[in-house]
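Structure record follows, encoded as structure tokens.
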Amino acid sequence: MDGDGDIDILLASVWNDTIAWYENDGGENFSTHPITTSADGAKSVYAADVDGDGDMDVLSALENDDTIAWYENDGSQNFTAHAITTSADGAYSVYAADMDGDGDMDVLSASVTDDTIAWYENDGSENFTTHKITTTADHAKSVYAADVDGDGDMDVLSASELDGTIAWYENDGSENFTTHKITTSADGAWSVYVADVDGDGDMDVLSASDVDDTIAWYENDGSENFTTHTITTSANGVRSVHAADVDGDGDMDALSASRFDNTIAWHENNSSLLVTAETVTAETLPAYSLTMTLPGGGTVQVEPLQEKYLAGAKVKLTATPTEGWQFMGWKGKAAGSQLETEITINGDTDVSAQFGTSLTLSAIGGGNIKAYPERELYSYGSTVQLFAVPDDGNYLFLWGGDKTGTEPVTSLEITKLSPSVSALFGGVPSGKATLSVEISGNGKVSVDPNKNTL
């Protein structure tokens, strides 16, 4: 993504509507960079140089708002979102290829609700025209492009879940497509990929189907007649398939991701087309929690909002006071008093937002009220000590407002907006005395017995 010669990672997250990329520092330490946190129902992500400026842009399929979008990289990995279409009903998969051979990147999509495989023609200035290839791919889950028939133009492939179909769409060179079904028995077809599995110079096809837990490949005889070969039927809930020469022996192996057994596996091609599955040992990157404490008086928006974050992830925090309250500042790993701040996650992180309000004190009669600590604003949930200080010959008769009782030393917890406390003073009854307490410096005072007269 950043052109530094190592492989970075892209993520589409459906639960928090995030498209992000993870920067590899060359030592396989990854820093998180959100591209957007408003990708409603992000289901798929792909990287390609959409605008032909030499850097990698990003594409996404957003199921909930029916959008195929691309995110323009300015060369410094700052991304600007552009909608290609908002009419891909239930957008689920996205891919990019030069479909019309004019030298720029076009875009393809599969959408589940309208059963559509479509391609979007780039005019060279990133204005896209929609072309539908089919509207009968029942619950289309995956789309891919490759020259299946070897005639020099890009054909299209799809996996459709509800009809169990892996299909390819033959491009006649003028972007008119003819549908050919490779199989209708991939129960719960979810993913499709193309590679020369048997090394005979033509394009074979691979599929993953999650109902029958099957990884299969379809052998092309060179005339686009396909023979089905099962790789495994025990990839529990498999949803993705890929091909690469994992062991470096010159032939294509298969890789899969299955959700119910939480397994990433590679399936070794032994060149006699018998494939043995081996579970890949995945290195789990350390992930950290962000704990946000909000005593009250306002809210905080966290972007992106995730259960866990990789080291180096940037998180934006935005404080919004409840009406009448004021934002006082951040505590914990965040600092400052700006409503918006950004923190970097490098471990389990605790942050709190402090919202405050004023306290009004009023004395009636001969005396006054001292507050400790004395502040313009008191944070929600904090406690302030109140001291009734009568003039000579007077005593505290009664507290009023948001405090009741007759104890000359008392406390108030700040849990409401703009609390007010009053003190009524009167003359000391005959034969009685009073004790006045004031604080100088740091500390607290307790009085026993805490009575208004002694």
* Scanning the range 383-410 for residues that are of a type outside the set (Asp, Glu) and open to solvent by 50 Å² or more (accessible area, probe 1.4 Å), which turns out nearest to the chain's Cα centre (by Cα)? -> 383
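Which residues, counting only those in the range 155-171, are closer than 10 Å to residue 144 by Cα and among the hydroxyl-bearing types (Ser, Thr, Tyr)? Walk me through how you get there before you give the answer.
Residues of the range 155-171 closer than 10 Å to residue 144 by Cα: 155-159, 168.
Hit for the range 155-171 is 158, nothing else.
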* So how many residues does the range 44-96 have that are closer than 30 Å to residue 135 by Cβ, in a loop (DSSP other than H, G, I, E, B) and among the aliphatic types (A, V, I, L, M)? -> 2
* Asked: Is it true that residue 218 is of a type in the set (Phe, Trp, Tyr), at pLDDT below 95 and in contact with an Asp or Glu (Cβ under 8 Å, 6 or more places away or on another chain)?
  -> no
* **Residue count, the range 366-382 (criterion: closer than 14 Å to residue 413 by Cα and open to solvent by less than 60 Å² (accessible area, probe 1.4 Å))** => 8
* To do: Name the single residue, out of those in the range 411-431 being modelled with pLDDT of 90 or more, of a type in the set (S, T, N, Q) and in a loop (DSSP other than H, G, I, E, B), that is surrounded by the fewest Cβ atoms within 10 Å (Cβ to Cβ).
  => 418
* If you take the residues of the range 9-21 that are at pLDDT 90 or above and surrounded by fewer than 19 Cβ atoms within 10 Å (Cβ to Cβ), which of them is farthest from the chain's Cα centre (by Cα)? -> 9
* Scan the range 246-265 and report the pairs whose first residue is at positive phi and whose second residue is open to solvent by less than 30 Å² (accessible area, probe 1.4 Å), with Cβ atoms within less than 9 Å and a gap of 6+ or a chain change. => none
* Structure fact -> From the option list 57, 74, 106, single residue qualifying as open to solvent by 10 Å² or more (accessible area, probe 1.4 Å) and either of a type outside the set (A, V, I, L, M) or closer than 24 Å to residue 148 by Cβ (or both) is 74
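Quick check on my filter: what residues within the range 311-346 are closer than 22 Å to residue 21 by Cβ and open to solvent by 30 Å² or more (accessible area, probe 1.4 Å)?
Here is the first cut: in the range 311-346, the residues closer than 22 Å to residue 21 by Cβ are 311-317, 342-346.
Passing the criteria: 311, 314, 316, 342, 344, 346.
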* **Given (1) on the phi < 0 side of the Ramachandran plot; (2) modelled with pLDDT of 95 or more; (3) open to solvent by 30 Å² or more (accessible area, probe 1.4 Å), number of the condition residue 281 does not satisfy** => (2)
* To do: Check residue 175 against each of (1) under 24 Å from residue 70 (Cα atoms); (2) in contact (Cβ under 8 Å) with a residue 60 or more places away in the chain; (3) crowded, with 24+ Cβ neighbours inside 10 Å and name the one condition it does not meet.
  => (3)
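Of these, 196, 147, 115, 200, which one is under 30 Å from the mean Cα position of the chain (by Cα), farther than 17 Å from residue 46 by Cα, open to solvent by 10 Å² or more (accessible area, probe 1.4 Å) and of a type in the set (D, E, K, R)? Quick ask: steps written out before the conclusion?
Numbers: 196 fails: under 30 Å from the mean Cα position of the chain (by Cα); 147 fails: under 30 Å from the mean Cα position of the chain (by Cα); 200 fails: under 30 Å from the mean Cα position of the chain (by Cα).
Selected residue: 115, the only one of 196, 147, 115, 200 that is under 30 Å from the mean Cα position of the chain (by Cα), farther than 17 Å from residue 46 by Cα, open to solvent by 10 Å² or more (accessible area, probe 1.4 Å) and of a type in the set (D, E, K, R).
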* **Residues within the range 347-365 that are within 26 Å of the chain's Cα centre (by Cα) and surrounded by 13 or more Cβ atoms within 10 Å (Cβ to Cβ), tallied** => 7
* Mind listing just one residue for me: the one in the range 212-234 that is outside any loop (DSSP other than H, G, I, E, B) and polar (S, T, N, Q) and, of those, nearest to residue 169 (Cα to Cα)? => 220
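The values are calculated or read from the model by the stated rules, or taken from the named source; none is laboratory data. Predicted, not measured: the structure shown is a model, and the values here were computed from it. Heads up, the Cβs are rebuilt from the backbone with ideal geometry, glycines too, and the neighbour counts pull from every protein chain shown. All accessible areas refer to the heavy atoms of the entire protein, side chains included, with ligands and DNA or RNA removed. Shrake-Rupley method; radii C 1.70, N 1.55, O 1.52, S 1.80 Å.
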